[in-house]
Every structure is written in C-alpha cells, then in structure tokens.
Amino acid sequence: MLVDGKWTEDWQPVQATDAKGGFVRQVSGFRSWVTPDGSAGPTGAAGFPAEAGRYHLYVALICPWASRTLIARRLKGLEEVVSVSVVEPALSAQGWRFGDYPGSDPDALNGASYLHEIYTRVDPHYTGRATVPVLWDKVRRTIVNNESADIVRMLNAGFGGLARGAIDLCPPDLLGEIDALNAEIYPRLNNGVYRAGFATTQVAYDEAFADVFAELDALEARLDAGGPFLFGKRFTESDIRLFVTLVRFDAAYHGLFKCNLRRIADYPALSTYLARVLDLPGVRETVNIDHIKRGYYSVKSLNPTGIVPVGPDLPGLDAVAARLGA
C-alpha cells in the first residue's frame, strides 16, 4: 500500500473493514472522462478529447473490473484506438507487477516495474492501493480514470465516431433499468464474492455468502424466464458485469473464496448464458483462466502455500457452446 507516495508494507487484499468485519473496497480516486469534444464528463475535469492512439489501458486479466473494460473495448471496436498493457497475474509484495509472464507485458509507456509507480508519477503523495484498470493519457501523461464503471461507459459513448462496434452497451431507453440491475448485482454478487472471501468474521462471511447465492438464484430465474441476455435480446453493460464474475466463479470463488454452495455449472440457465457470452466476437480472447487462477491463488492470506489447482476447465462450456451453435 502507498502512504504519502511511499510503498510502506506488503500488499494485502483487505485494507479496511466495517463494524461487522466485512470487506470494504477502496473508492476510486481518478474520475475524469474521455468525451468526443473534450468537455467534462459526469465527474472530474475537462480536457480529455477522444483521439485515436492517445489513451492506454493498464489491466490485469485476473481482475473482473479490468476485464469489463477489455470486453467493452473489443465490442466497441476500439482495439486500434486504445492500446493495452497487461500486468502479471500473481500479486507481488508490491502489488501488480509488469513482466514477461506469458500473456503479460512490460510497461513500454512509462518504464515502470510496478503499477503503483504509475500512480505516484501522477500524484507523488498518493495514499491507497494501486488498482486496475487504469486509463492513461499519453499526451498529458496522467491517469484519466481508474473506475471500471466509468471507463466502460466512456468506451461505449466517449469515443464517438472512432468506435466501430454497432452495439450500444447502455441504450438511453434502458438506462434506468440498467442502473437498477447494476445496483443489485454489484453488492450482492460482483463484490459479494469478495465480501465472502475476504470476510474477517463469521457473521460478515455468512451475510455475504447468503447474498451471493440469493443473487445467483434470482439471475438464474430471470434468464430462464427471459433471455438470451439480461435485457432480452439486447446485450448491455449489465451483462458484462455478470459475465466477468460468472467466468471466474468455479475456478476461484467457489473454492478459494468459500462460495461453495453451488457451482455455476450447477445452474442450467447461467451456464448456457455464460457460454453464449463467451461466443460473442472478441469476448473469449479477454478470458485467461491461467491468469485468473494464478492471480487469485497468489493471495497469501487465502493460500499461503501458493499452490495453484489444476482444475477446473471452464465447466462444460464447450459442450454448451456446441449445442447453442447446432
């Protein structure tokens, strides 16, 4: 963790807890937006106009929040507009590290060894965790934004005509419903698995565990009754939010995070949905199960031996995908 710009202690997953011993996630500190004309977005300062080649994403393939931005970038056809660097999967004593693990990159832009160096280049007195994703401005040499929800929305609409993808991840007529569903999925499932895995008391774990499976049950029923996506035939940012947790669930959250009542493989509608999203053009390329397992199982407080399990594969998804294509 950084304190006044200095690395002070080995990386730990839990930096704060609530009165019940529950995991409290750090609030993102950089909240400016890229917009078509460079005007200010919903938060932050103006001065970040959409330009091809100007912006760069720092991501980790283990991280569901970072993966949201990678999926949005691919679905909006922004691969040649916004460049990407991938950190190594294993969390080091100094957090996210750049390197040469397969599927990872060195930091060609700033020559950093650790992501926290990017934060202190912008704010020499930064205090907090250095998290992914980070949207970096190559011109002003600063962090535009490190909140995945913001970055997904600016990738969807902030790059204007530079985006080639026809899909609208947040159509205006669904905005209210998307926000409402996001506000349900995030605390109960997306962050719920973390609340369970990083709980420091039994009561905090029990509450998080109940939320996770209540939400999975509700989403199973929703997809079974409707579908193929959360809002019928339209794929939205809510689907991205759900997908990134589902694809990690059986490989990491079920065992390591003690969310072991059921697997996603035990939910017929969710399993079919997971395979359907994986088959969207470009989505499968954003998923790296090796990085996911090596990253989560490198958390020493949860897995002190560092042993990475051999299984599971994406459970049954190839067979489900074959049925969908039949």
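Using r as the Cβ-Cβ distance of Ala52 and Thr8, and R0 as 45 Å, what FRET efficiency do you calculate, to the nearest 0.05? Can you show the working numbers first?
Details: r = 39 Å, r/R0 = 0.87.
FRET efficiency, Ala52 to Thr8: 0.70.
Using a Förster radius of 35 Å, what is the FRET efficiency between Asn110 and Ala45 based on their Cβ-Cβ separation? Nearest 0.05, please.
Rounded to the nearest 0.05, the efficiency is 0.95.
Please label the shape of the range 180-303 as rounded, prolate or oblate, based on the square roots a ≥ b ≥ c of the eigenvalues of the alpha-carbon gyration tensor (a/c under 1.5 means rounded; beyond that, a/b larger than b/c means prolate, else oblate). Before the final figure, lay out each step's value.
On the way: a/c = 2.03, a/b = 1.33, b/c = 1.52.
The shape class here is oblate.
Mind ranking 155-163, 57-65 by how tightly packed they are, going by the mean number of other C-beta atoms within 10 angstrom, highest first?
Answer by packing, highest mean first, reads 57-65, 155-163.
Relative contact order for the range 118-226: what percent, with Cα pairs under 8 Å and sequence separation of 6 or more?
Worked out over the range 118-226, it gives 13 percent.
Would you mind computing, in nm to one decimal, how far apart the modelled labels at Ala183 and Ala166 are, each placed 7 Å from Cα along Cα→Cβ?
If labels sit at Ala183 and Ala166, their model points lie 3.3 nm apart.
Per the helix-only calculation at 222 nm, which mean residue ellipticity applies to the chain, given -39500 (n - 2.57) for every DSSP H run of n ≥ 4 and division by its residues, nearest 500 deg cm²/dmol?
Rounded to the nearest 500, it is -10500 deg cm²/dmol.
In whole percent, and with a 1.4 Å probe on the protein chains, what portion of the accessible area of the range 195-326 is carbon and sulfur?
The value for the range 195-326 is 55 percent carbon and sulfur by accessible area.
Sequence gap at least 6, Cα distance under 8 Å: using those rules, report the relative contact order of the range 120-169 to the nearest whole percent. Mind showing how you got there, number by number?
Details: 31 pairs, mean separation 11.7, N = 50.
It comes to 23 percent, rounded to a whole number.
May I ask you to list, by number, the DSSP H helices of the chain whose Cα span along the axis is at least 20 Å and whose average Kyte-Doolittle hydropathy reaches -0.5 or more?
The qualifying helices are 202-225.
For an R0 of 30 angstrom, estimate the FRET efficiency from the Cβ-Cβ distance between Asn303 and Ala214 and round to the nearest 0.05.
0.65
Expressed as a rounded percentage, what relative contact order does the chain have, with Cα pairs under 8 Å and six or more residues apart? All intermediate terms of the calculation are to be shown ahead of the outcome.
On the way: 583 pairs, mean separation 64.4, N = 326.
Relative contact order for the chain comes out at 20 percent.
Measure up Lys233/Lys300; Lys20/Lys293; Lys76/Lys138; Lys76/Lys293 against 32 Å on the Cα-Cα distance and list the ones that go over. Don't skip to the answer; put the middle values down first.
Numbers: Lys233/Lys300 42 Å; Lys20/Lys293 29 Å; Lys76/Lys138 21 Å; Lys76/Lys293 28 Å.
Long pairs (Cα-Cα over 32 Å): Lys233/Lys300.
With a 1.4 Å probe and every protein chain left in place, work out the accessible area per residue of the chain in Å², rounded to a whole number.
41 Å²
The values are calculated or read from the model by the stated rules, or taken from the named source; none is laboratory data. Note that the structure is predicted; figures quoted are calculated from it, not measured. Virtual Cβ from ideal backbone geometry, glycine too; neighbours counted across all protein chains shown. Side chains included, ligands, DNA and RNA excluded: accessible areas come from the protein's heavy atoms. Shrake-Rupley method; radii C 1.70, N 1.55, O 1.52, S 1.80 Å.
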